[in-house]
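Notes follow the structure.
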Amino acid sequence: MRRLAAIHHFTHPLAPHRADCNDATGSWQHALIRMLWWLFLALALAVAPTIQGARAADSGKTLYTYFEAPESGFDPARNSDHYSGEVFSSIFEPLLTYDYLARPQTLVPNTADLPEISPDGMTFTYRIRPGIYFSSDPAFGGQRRELTAADYVYTFQRLVDPANRGAPWDFMFKGKVIGLDEKIAAAANGEFDYDSPVEGLQALDRYTLQIRLKRPDYNIPYITAAPATGVVAREVIERYGDDIDAHPVGTGPFRLKTWERRNHIVLEANPEYRGTTYSPVERDGVEFDHEVAQRLQGKTFPRLDTIDIRIIETAQASWLAFQSSQIDLHPRLGANYALLVAPNNELAEKYVKLGWHYFREAEADITYYQFFMDDPVVGGYTPDKVALRRAISLAFNQAKMISVVRNNQALAAQSPLAPQINGYDPEFRNVLGLYDPAKAKAMLDIFGYVDCDGDGWRDLPDCKPLRITYLSSSSQGGSRDTEEMLIKGLADIGIRLDTDVMNFSDFLKARQAGKFQFSGGAWGQDYPDAENFMQLLYGPNSGVVNDSRFRNAEFDRLYEQIASEPPSDARNERLREMSRIVNAYVPWIVEANRIRTHLAHPWVVGFKPHPDNMPHYLYLDIDWSQMPADLHARRESE
């Protein structure tokens, strides 16, 4: 999910200059005029994908890569795990996208031009580009199916339909679009009515989409660039029903060729794709990788015929697969191997000689441990329950977790926010997050968590056994080292911690269903703004987004304020206060902002990690001349 122009770290693309950000009513009109001026400038400068009329994929070019955890499925409305998103981001197209190489993150047109915005910031009008077609499918009855504005009206409604596995993406539009909440409420007693009009979501004509809001929302342009808002066709959804995960049909550069669930995914170039070229946005404050841009210059994309993705759930196996050239690209190298490859955060000489491409950067994400706030043992808001969670937080050795388990490949998180997004404050500190087991023990004693039966473990204040179960995943993200540190940390303060390990997909479902007490979690940006992270703790989002079911009236009030205003000093202070509330009530123990290492073999052209952590396969290519002859021959024979 992204925006209308360059994001200058803490400056929103639609925000007026800081001097304009005050509470005086008279400043709003001037500020909005300034916003619109910048929008028109972005329209003039942003270089959008160029329609070529035919794909440029070179037959026989296959990129081999991997996922460190299995996917769930390829229906954007029903699946929210990262690995499913990596696939459907190459199949389905949102209205807008990011300039691939621009930093900070910069919105450019995709299937539509950048939107026109009303002076009050509540109406967004998009012009769909004619001549964009869905990939062929029997659902279309043998006819070419052109993309229209009505397809986005249908797509956005699917994101809030509770029948779609609880609507994990409904936070993007729920509570915002005029008339949409009424349809959601009506669906609670029956089926969602896609045919009844929504006042705030309309196709004004074949190529014009209009979104009208109840209140200003300066993240709408980012939201309409999120992979989850990639457009689907109603005919396809209705034809395949519950099997839609296996039949993703979009307008994007790739389509699904084969799928062995949780094992092997193969994408192929979409022959109906219009083809694009790349030219970087040129404007003040925006930088881009000139070396990569030069290698993309003059080419029509996609260049690859096939993307071959294996599920490899152990860090050692994926590392060996890259070393032996079984995979060409290794995103998100395990922390142990990151140190092996680059012991001083620079690629080791022997790998430099092999021509490996090395990338290391802080990711726009947060890892944390969360409590299920409706659980009778660890949940609740009474002083004794808050004390229990605070004591557990004080027993968590964040510094050791980062140095030992993550091998210093992370920053110590201080709040629910991540780097590279609007509202992140690198100076903010969690004053309640210090490792202090002595203080934790004293707090537990004060609130009656003592050893009633003499077995060496603390009990609840009523002397019933105190046992907590930690839910984790068996994938690479579910490190046994992490579990052991948590078990030891709690044992040091007299609390017994059990573990329940399951595969990644089932782990996500259990968390979303509230079937856990204590669990790990992670969130990467859908759009680069603090609101996208704080919504994970917003009370009305309790369920498949707010897994912890945290509810706090003051937090919710502040959230509703920051969700309706552009970045400013006042907004940033509200965000800091929200972070203090989270740190005080401890629905989360914030852990880390990960630093990621990515590797590519010398024959992979155009790879550049993006802060959105999506693969951007569209711009990748294979240079046969850089591949060893025996490997090239072997692949040609396959």
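Taken together, the values in this text are just the output of simple stated rules run on the coordinates, not laboratory data. The model shown is predicted, which means the values in this text are computed figures rather than measured ones. Cβ atoms come from the backbone with ideal geometry, glycine included; neighbour counts cover every protein chain shown.
Legend: helices of the chain (whole DSSP H runs) are marked when their alpha-carbon atoms reach 20 angstrom or more along the helix axis and their mean Kyte-Doolittle hydropathy is at least 0.5; marked are 27-45. Between HIS610 and residues 5 or more places away or on another chain, which pairs have amide H atoms under 5 Å apart, with H built 1.01 Å from N, and which residues are they? Amide H neighbours of HIS610: none.
Cβ under 12 Å from ASP481's Cβ, ASP481 left aside: what net charge do those residues give with Lys, Arg +1 and Asp, Glu -1? The answer is +2. Listing TYR194, TYR527 from fewest to most neighbouring C-beta atoms within 10 Å gives TYR194, TYR527. Reducing segment 235-289 and segment 508-566 to their Cα centroids gives an inter-centroid distance of 28 Å. Here is the tail figure for segment 382-501: Cα pairs spaced more than 19 Å apart come to 55 percent of all pairs.
Among bridges DSSP assigns within segment 365-595, what percent are antiparallel (round to 5)? Around 60 percent antiparallel, to the nearest 5. With a simple spin-label model that places each label point 7 Å from the Cα along the Cα-to-Cβ direction, the separation between ASP500 and SER625 comes to 5.8 nm. Which of the residue pairs LYS385/LYS515; LYS400/LYS441; LYS257/LYS608; LYS257/LYS509; LYS400/LYS464 have a Cα-Cα distance greater than 22 Å in the structure shown? Violating the 22 Å limit, Cα to Cα: LYS257/LYS608; LYS257/LYS509; LYS400/LYS464.
Looking at the chain alone, DSSP beta bridges between its own residues are antiparallel in about 75 percent of cases. Here the calculated FRET efficiency for PHE428 and TYR381, from their Cβ-Cβ distance with R0 = 22 Å, stands at 0.40, rounded to the nearest 0.05.
Shape class for segment 28-296: oblate, because the ratio a/c of the largest to smallest gyration tensor axis (alpha-carbon atoms, square roots of eigenvalues) is 1.5 or more and b/c is at least a/b.
The slack between ASN263 and GLU182, meaning 0.36 nm per residue of separation minus the straight C-alpha distance, is 25.1 nm.
Sequence-distant contacts, meaning Cα pairs under 8 Å at least 6 residues apart, place the relative contact order of the chain at 20 percent. Along segment 223-240 the Karplus relation, 6.51 cos²θ - 1.76 cosθ + 1.60 evaluated at θ = phi - 60°, assigns HN-Hα couplings of 4, 7, 10, 6, x, 5, 8, x, 6, 10, 9, 4, 4, 5, 4, 6, 5, 9 Hz to successive residues, with x for each Gly and Pro. Tell me, what is the FRET efficiency for GLU560 and LEU339 to the nearest 0.05, using R0 = 41 angstrom and their Cβ-Cβ distance as r? For R0 = 41 Å, the calculated efficiency reads 0.40. From most to least packed by mean Cβ count within 10 Å, the peptides 266-272, 251-257, 441-447 give 251-257, 266-272, 441-447.
Among THR123, THR382, sorting on how many other beta-carbon atoms sit within 10 Å of each Cβ, with the fewest leading, yields THR382, THR123.
The rule of thumb for compact globular proteins, 2.2 N^0.38 Å, goes into the C-alpha radius of gyration of segment 64-187 1.20 times. Counting every other Cβ atom within 10 Å of each residue's Cβ, TYR369, TYR538 order from fewest to most as TYR369, TYR538.
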